[in-house]
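Here is the structure we will look at, set down as C-alpha cells.
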Amino acid sequence: MHTFEFKRPASPQAAVAGAARAKTAQQGADVRFIAGGTTLLDLMKLDVETPAQVLDINRLPLDKIEATPDGGLKIGATVRNSDLANHPSVKRDYPVLSEAILAGASAQLRNMATTAGNLLQRTRCVYFRDTAMPCNKREPGTGCPAITGANRMLAILGTSEHCIATNPSDMCVAMAALEATIHVQGVKGTRAIPIGEFHLLPGSTPSRETVLEPGDLVTHVTLPRPTSGSKQTYLKLRDRASYEFALASAAIVLTIAGGKVTRARIALGGVGTKPWRSPEAEAALVGKAGNTANFRAAAEAALRNAKPQSENKFKIELAKRCLTHALQLATNS
Ligand SMILES: Cc1cc2nc3c(=O)[nH]c(=O)nc-3n(C[C@H](O)[C@H](O)[C@H](O)COP(=O)(O)OP(=O)(O)OC[C@H]3O[C@@H](n4cnc5c(N)ncnc54)[C@H](O)[C@@H]3O)c2cc1C
Ligand code: SF4
C-alpha cells in the first residue's frame, strides 16, 4: 500500500479548503475525504485509489437526521447507513429507503458506511478493481475489457462503448425514487443537486462519475415531504440472500386513488450505469388501474432501451419481473 498523509480538518470549511487543492474530485483524486472507509480503503489496498492526502470527516458536525421546515427530512453526510435505515421517521415516512439500505452489504458494513460514502461508492466491475487490467474508468483510453469479458453483473441501461459498469448502490435507487437532493459545500459556496443530476452517464468519459469538483464536500441529503398514503417498497434480486450486490432491483413510490395510479416514482438498480429512474415506467402507469397487466406494461416500457452484453441478457427479463413483482408487493395485488 502506498503512503499518504492523514489529516482531520476541524470544520467543513477547512475540509473544503484542503480538498480544493486536488487536481480532480473524480477517479485518481490526489486528496480524498474518508468517512466509513468501506469503499475507499479497499480501493487504496488495491492501488486503484492512491491519494496523497486523506481527510477524515468523521468528526465534522454532519451526523444528524432532522426534520426540515417544509416537512421533509435532512440527512447528514456522515449519518451511518444503519442509523438512517432504523430511524423512526425513515421507517414511517420513507420505508423504501429503509428497506433499500437494509438490503445492502452486511450489518457490520452498514454500521460504518455513511450517507455520502454510499452515494459515492464505486463500481464493482472486476476490471476496475484490478490494476493489471486495462479499464477506461480507471485509466482513460486503455479500453474496456468488460465488453467482451466478464459482464454478467454489469449494466444494460445507460452504457456506452467506453464503459458498461453498474452503479452498485441500493440506497441511491431508493433516493432516486424519493427525488432526493444532494447538498454540497464547495469553494464557491453551497449547491443543491437533484439526485438525477448528481451521477453522470459514462459516455466517452467514464472516469468522471459525478458532478463533484475539487473541494466539494457533500454535507447532507434532503428528502421532500412524504407523499401521504404512498405505497412504497424496495425489491432486490441477487445471487444470494445477503452480502451481495443486486442483479436487478426496483424502488417503488406509488399513489393509488379510486383504483387508479395517480402518481408513480420508480427507479431501478443493478441494471443501470447510474441509479436508474424510469420516467417511461412512471408514464406507463399514471392513470391506469393498479393491476398486473399494467405493471408488466410499465416494466416493458422501463426496459425498452436495454442493451445487453454477452453474459447479461438474462437481466432484461429479470429486471422486468423484479419491477412487476415490486409493484405487486407495494400494492398488495
Ligand atoms: C463486502 C461489501 C459488500 C457491499 N455490499 C453492498 C450492497 O449490497 N449494496 C450497496 O449499496 N452497497 C454495498 N457495499 C458498499 C457500501 O455500501 C459502501 O462501501 C459504503 O456505503 C461506502 O460508505 P463509506 O462511508 O464507507 O465511504 P468511504 O469509503 O469513506 O468513501 C467512499 C467515497 O466517498 C467519498 N466521500 C465520503 N464522504 C464524502 C463527503 N461527505 N463528500 C464528498 N465525498 C465523500 C470518499 O472520498 C470516497 O471516494 C458493500 C461494500 C462491501 C465492502
Ligand atoms: S465496464 Fe467500465 S469499469 Fe469495467 S472495465 Fe469497462 S471501463 Fe472499466
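The values are calculated or read from the model by the stated rules, or taken from the named source; none is laboratory data. All values reported here derive from a predicted model rather than from experimental measurement. Heads up, the Cβs are rebuilt from the backbone with ideal geometry, glycines too, and the neighbour counts pull from every protein chain shown. Note: areas computed on protein heavy atoms with side chains; ligands, DNA, RNA excluded. Shrake-Rupley method; radii C 1.70, N 1.55, O 1.52, S 1.80 Å.
Couple of notes before you dig in:
- Selection of region 183-230 for residues being closer than 19 Å to Val253 by Cα, crowded, with 16+ Cβ neighbours inside 10 Å and either β-branched (Val, Ile, Thr) or without any contact (Cβ under 8 Å) to a residue 12 or more places away in the chain (or both) yields Ile195, Val221, Thr222, Thr227.
- So Arg80, is it under 25 Å from Pro12 (Cα atoms), within 16 Å of the chain's Cα centre (by Cα) and open to solvent by 40 Å² or more (accessible area, probe 1.4 Å): yes
- Only residues that are surrounded by 24 or more Cβ atoms within 10 Å (Cβ to Cβ) and within 13 Å of ligand 1 (Cβ to nearest atom) were counted across region 153-166, and they come to 1.
- Flag if Arg124 is within 11 Å of ligand 1 (Cβ to nearest atom) and basic (Lys, Arg): yes
- Matching residues in region 5-29 - criterion: being in contact with a Ser or Thr (Cβ under 8 Å, 6 or more places away or on another chain) and open to solvent by 40 Å² or more (accessible area, probe 1.4 Å): Gly28
- Qualifying positions in region 118-138 - within 10 Å of ligand 2 (Cβ to nearest atom), open to solvent by 50 Å² or more (accessible area, probe 1.4 Å) and touching a residue at least 40 places away in the same chain (Cβ under 8 Å): Arg124, Arg129, Asp130
- Remark: pairs (first residue in region 1-30, farther than 13 Å from Leu217 by Cα; second residue open to solvent by less than 30 Å² (accessible area, probe 1.4 Å) and in a helix (DSSP H, G or I); Cβ separation under 8 Å; 6+ apart in sequence or on different chains) = Met1/Met44; His2/Met44; Phe4/Met44; Lys7/Gly18.
- Scanning region 50-69 turns up one or more residues that are in contact with a Ser or Thr (Cβ under 7 Å, 6 or more places away or on another chain), more than 12 Å from ligand 1 (Cβ to nearest atom) and part of a loop (DSSP other than H, G, I, E, B).
- In region 273-296, residue farthest from the chain's Cα centre (by Cα) [restricted to those that are touching a residue at least 40 places away in the same chain (Cβ under 8 Å), open to solvent by 40 Å² or more (accessible area, probe 1.4 Å) and within 19 Å of Ala180 (Cβ to Cβ)]: Arg277
- Thr115 of a type in the set (Ser, Thr, Tyr) and within 16 Å of ligand 2 (Cβ to nearest atom): no
- Subset of region 168-182 [surrounded by fewer than 24 Cβ atoms within 10 Å (Cβ to Cβ) and within 16 Å of ligand 2 (Cβ to nearest atom)]: Pro168
- For the criterion of being farther than 18 Å from Ala77 by Cα and either under 16 Å from the mean Cα position of the chain (by Cα) or open to solvent by less than 40 Å² (accessible area, probe 1.4 Å) (or both), Leu247 passes.
- Leu43 meets the conditions (1) exposed (fewer than 14 other Cβ atoms within 10 Å of the Cβ); (2) within 16 Å of ligand 2 (Cβ to nearest atom); (3) among the aliphatic types (A, V, I, L, M) in every case but one. The failed one is (1).
- Of all residues in region 299-333, those satisfying the criterion of being part of a loop (DSSP other than H, G, I, E, B) and at pLDDT 95 or above are Arg304, Asn305, Ala306, Lys307, Pro308, Gln309, Ser310, Glu311, Asn312, Lys313.
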